[in-house]
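Let me begin by presenting the structure, written as structure tokens, before commenting on it.
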Amino acid sequence: MFGALAALSLLAAAPSANAAEALQFRVDPAWPKTLPNSWIMGQIGGMTVDAQDNIWVLQRPRSLTDDEKGAALSPPRSMCCKPAPSVIQFDKAGNVLKSWGGPGGEGYDWPEQEHALRLDGKGNIYLAGNGAKDQMLLKFTTDGKFVKQLGKLAEPFGSKDTNSVGRVADIFYDAPSNELYLADGYGNHRVMVIDADTFAFKRMWGAYGKPPLDVTPAPALYTPDAPNFANPVHCVKIASDGLVYVCDRSNNRIQVFRKDGTFVKQFVYDKDTKGSGSTWDMQLWPDRNNTYLIVADGTNNFIRIIRREDGSVVNTFGTGGRQAGQFHWVHALAIDSEGNLYAGEVDSGKRVQKFVPNMKPQR
Amino acid sequence: MTIRKMLVAAVLASVTVVAGAQAIAAEGPPTFKVDASWPKQLPNNWVIGQIGGMTVDAQDHIWVFQRPRSLNDADKGATLTPKRSRCCAPAPSVMEFDAEGNLVQAWGGPGTHPDWPVSEHGIQLDSKGQVWLTGNSDKDAQLLQFSRDGKFMRQFGKVTPVTNSMDTKQLGSVASIAIDQAANEIFLADGYSNHRVIVLDANNLTYKRMWGAYGKQPTDMKMKNYEPEAPQFTNPVHCVKIANDGLVYVCDRTNDRIQVFQKNGTFVKQFAIRPETRGTGSSYDLAFWPDRNQTYLIIADGADNEALIVRRDDGKEVGFFGHYGRQAGQFHNIHQVVTDSKGNVYTGEVDTGMRIQKFVPSAPPVR
């Protein structure tokens with residue numbers, strides 16, 4: 001199936017990496033460990049990894065059903081469970097290190113629906129949501145102390161507004177320039193770049209690097225040559241060579257830009273995919289050249305391993321289902337320095353899985 | 001919560017015993033760990049829905065009765081017009097797996113028989129390898145018999161609105177089936193609509209006897225849930241299992257209890273299972289630990305989402321495994337539990353759980 005089975009047999013025959021062998025992953029079902037405090041996780045909005053290879057998860061406590069949070073009801077329905085805080089930091093072994101955040105809180109607008117998180121390596125974490133009124137970006141310390149907010153919980157301001165965001169799906173921190181790149185988003189149709197300290201607007205663009213447009217009524221989805229981004233603009237990542245990768249999820253494509261917004265090229269995957277589209281989230285293989293893009297497809301429910309240079313698919317893994325290593329709406333990815341991949345699921349998926357690579361990234 | 005702490009302590013203690021001295025492990029209850037590699041990837045782009053029923057045959061093959069119609073459009077995107085996604089297509093309702101997780105065969109499903117259950121639930125094989133099936137919708141008044149490879153043989157009742165617990169011509173949304181091969185009798189946990197155990201003659205599929213809670217005549221009087229002392233079964237009467245010593249175990253799920261009978265319906269005793277449980281109740285299903293005396297019951301608790309290990313002679317909870325959640329080894333609405341002859345435990349989940357899992361024991365059962 002899509003070459004995944006063939007790759008598995010290769011793995012069995014020759015576990016050591018060699019040049020001819022394609023990058024592939026297998027599930028580590030022992031990760032994470034059972035949560036403490038009778039906690040349970042809801043849908044996984046976003047994930048990222050810190051400099052120590054700890055995994056940060058932004059999950060949605062409000063996506064839990066009464067059944068799942070039976071111990072939090074009055075009277076309790078069951079011994080388990082209670083919603084975990086929205087932000088959870090795991091170590092590589094699957095233990096919870098830190099957790100905080102969630103609906104409520106003074107002095108800021110916590111997202112209606114948690115979606116994006118990103119660290120800046122300086123002790124800060126940026127959060128955004130994709131709820132109908134989530135027109136804001138939040139900055140906290142990694143201990144959960146509020147620092148700063150751009151925009152607010154409100155009706156949409158649109159893709160021309162530079163003092164707010166429109167339901168941001170993904171955030172990337174560019175250390176050299178201290179800039180935040182925002183995949184904006186479920187409401188707006190743009191990539192927006194702001195200063196990470198001041199939140200001052202720097203620049204923005206739509207598909208093909210043109211000025212962003214909110215077209216009403218919304219054009220047909222699943223159109224890989226559409227002149228504008230559809231909703232949601234669902235990921236933004238920057239490779240070591242400075243190229244910016246953007247998931248135009250419902251158009252089944254990835255567009256590639258320079259940091260100034262100049263369009264470079266685009267890659268299209270399973271262009272006939274309907275539903276929620278084929279390009280959900282992406283990570284860069286952490287070797288010297290970021291040789292591969294690893295792309296989550298939550299409609300076809302598998303992960304593509306793509307040669308970054310030309311967009312060709314070199315391998316896939318996973319399929320639809322609830323067993324370990326399968327996916328139900330695989331939505332968010334994170335990757336650590338050793339190439340361990342973490343995948344989070346939404347809808348009723350509500351889990352994070354760890355996948356171990358068959359080779360080490362070469363630096 | 002104190003109960004939980006005690007249980008955790010008990011389980012940890014038994015883990016230490018197992019690690020420290022394998023030889024005396026048999027004296028304590030077994031512990032289990034998930035084998036996340038079971039089952040293997042299904043062929044034909046298939047995906048499974050909710051797990052209505054499960055059973056194990058004489059070859060230690062695992063039979064799964066799953067619900068293709070519980071899959072949503074995203075799950076079965078490859079079968080939509082236009083096609084939504086590469087994956088997946090609903091698997092047939094009846095699936096036979098071997099202990100290594102290979103799919104041996106699969107058959108049946110909506111439309112394959114005029115009285116196919118509206119909602120798949122009960123499955124049991126008899127000693128000839130014939131497969132008995134029931135459903136739990138309010139139109140599933142039937143019991144169907146198929147050959148091992150899916151050829152229709154006979155039926156009792158049909159798809160028609162269910163009636164009441166005094167009706168001996170049809171059933172009321174049967175959840176579970178047990179077969180007494182020596183007497184050639186079929187015991188039915190009846191069910192999601194009726195409030196009884198009903199016994200049929202397997203030779204001619206005719207009514208033999210029935211009973212309600214405490215072995216009394218069944219009634220359909222309205223009752224509150226979560227009452228382990230209730231005078232009648234509530235809905236659903238969710239499992240019926242026969243031990244080697246002839247005792248019949250019945251899950252009165254939403255009353256958080258298991259009642260024990262002789263085969264003639266005489267009440268013997270009952271166990272309350274975590275009686276503080278609300279929601280859908282604690283006693284979903286049970287399987288016998290396959291040692292000489294069937295020392296333990298392994299109970300699927302789909303509200304707490306743990307598998308409870310309960311001593312069969314006095315109903316005392318001596319361990320548990322699993323936890324609520326979607327990771328491997330956790331459960332979302334654990335609904336079915338079965339054991340094979342080696343003590344492997346297989347579980348199935350409903351609602352959005354939609355998976356089957358295998359758990360391996362710390363030590364084999366002693367015969």
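Hey, rough spin-label estimate for B:Met166 and B:Asn264, points 7 angstrom out along Cα→Cβ, what's it come to in nanometres?
Spacing of the two 7 Å Cα→Cβ label points: 2.5 nm.
Which length gain, in nm to one decimal place, applies between A:Thr65 and A:Asn163 when the Cα-Cα distance is subtracted from 0.36 nm times their residue separation?
The A:Thr65-A:Asn163 span can extend by a further 31.8 nm.
State the Cα centre-to-centre distance between region B:122-142 and region A:336-363 in whole Å.
42
Rg and Dmax of chain A, Cα atoms, in Å?
For chain A, the Cα-based Rg and Dmax read 19.5, 60 Å.
Of the options A:Leu117, A:Leu35, A:Gly102, report the single residue whose Cα projects farthest towards the positive end of the charge dipole of the protein assembly as shown (beta-carbon charges: Lys, Arg +1; Asp, Glu -1).
A:Leu117
Report the label-to-label distance for B:Gln181 and B:Ser127 in nanometres (one decimal), using points 7 Å from each Cα along the Cα→Cβ vector.
Output for this residue pair reads 0.5 nm.
List, in the order given, every pair from A:Lys69/A:Lys350; B:Lys241/B:Lys269; A:Lys33/B:Lys316; A:Lys265/B:Lys83 whose Cα-Cα distance in the structure shown is over 20 Å.
A:Lys33/B:Lys316; A:Lys265/B:Lys83
Test of the criteria: in region B:283-349, which trypsin sites (Lys or Arg not before Pro) are in a DSSP loop and have at most 15 other Cβ atoms within 10 angstrom of their Cβ?
B:Arg292, B:Lys316, B:Lys342
Taking the Cβ of each residue in B:Leu205, A:Leu137, A:Leu23 as the centre, tally the other Cβ atoms inside 10 Å and list the residues starting with the fewest.
Taking fewest neighbouring Cβ atoms as first place, the list is B:Leu205, A:Leu23, A:Leu137.
What whole number of Å gives the distance from the Cα centroid of region A:34-95 to the Cα centroid of region A:267-319?
Result: 27 Å between the Cα centres.
Using the Cα gyration tensor of region B:187-323, with a ≥ b ≥ c the square roots of its eigenvalues, what is the shape: rounded (a/c below 1.5), prolate (a/b larger than b/c) or oblate (neither)?
oblate
Given bins 20 angstrom wide, list per bin the percent of all Cα-Cα distances in the protein assembly as shown, short to long.
Per 20 Å bin, starting at zero, the Cα-Cα P(r) for the protein assembly as shown comes out as 17, 46, 29, 8, 0 percent.
Using Cα centres only, tell me the gap between region A:206-262 and region B:318-333 in whole Å.
41
Starting from 0.36 nm per residue, how many nanometres of slack lie between A:Asp174 and A:Ala239 once their C-alpha separation is accounted for?
Once the chain is fully extended between A:Asp174 and A:Ala239, it gains 22.4 nm.
With 30 Å as the limit, write out which pairs from A:Lys98/B:Lys76; B:Lys128/B:Lys263; B:Lys128/B:Lys358 have Cα-Cα distances beyond it, or answer none.
Over 30 Å apart, Cα to Cα: A:Lys98/B:Lys76.
Per residue, how much space in cubic angstrom lies within the convex hull of the C-alpha atoms of region B:76-215?
Cα convex hull per residue, to the nearest whole number: 138 Å³.
Whose amide H sits under 5 Å from the amide H of B:Lys76, counting only residues 5 or more places off or on another chain, with H placed in the peptide plane?
B:Cys88
Identify which of A:Gly320, A:Gly166, A:Gly123 has the largest mean-square fluctuation in a Gaussian network model of chain A, with springs joining Cα atoms closer than 10 Å.
Between A:Gly320, A:Gly166, A:Gly123, it is A:Gly123 that shows the largest mean-square fluctuation.
Can you work out the base-10 log of I(q)/I(0) for region B:196-261 at q = 0.18 1/Å, using the Debye formula on its C-alpha atoms alone?
Here log10 of I(q) over I(0) equals -0.67.
As a test of the formula, what do you get for chain A when each DSSP H run with n ≥ 4 contributes -39,500 (n - 2.57) and the sum is divided by the residue count, at 222 nm and rounded to the nearest 500 deg cm²/dmol?
-1000 deg cm²/dmol
Mind checking which of B:Ser147, B:Ser282, B:Ser93 has the largest fluctuation in a GNM of chain B, springs on alpha carbons under 10 Å?
Its mean-square fluctuation being the largest, the pick is B:Ser147.
Residue by residue through region A:93-110, what is 3J(HN,Hα) from phi via Karplus (6.51 cos²θ - 1.76 cosθ + 1.60, θ = phi - 60°)? Round to whole Hz and write x for glycine and proline.
Values, residue by residue: 7, x, 8, 7, 9, 8, 7, 6, x, x, x, x, x, 9, x, 7, 9, 5 Hz.
Given R₀ = 56 Å, what would the calculated FRET efficiency be for A:Lys92 paired with A:Asp272, taking r from the Cβ atoms and rounding to 0.05?
0.90
Sort largest first and round to whole Å: the equivalent ellipsoid semi-axes of chain B, each the square root of five times a Cα gyration tensor eigenvalue.
Largest first, chain B gives 29, 27, 19 Å.
Each value in this text was obtained by applying a stated rule to the coordinates, not by laboratory testing. All values reported here derive from a predicted model rather than from experimental measurement. Note that each Cβ is placed from the backbone with ideal geometry, even for glycine, and that neighbours are counted across all protein chains shown.
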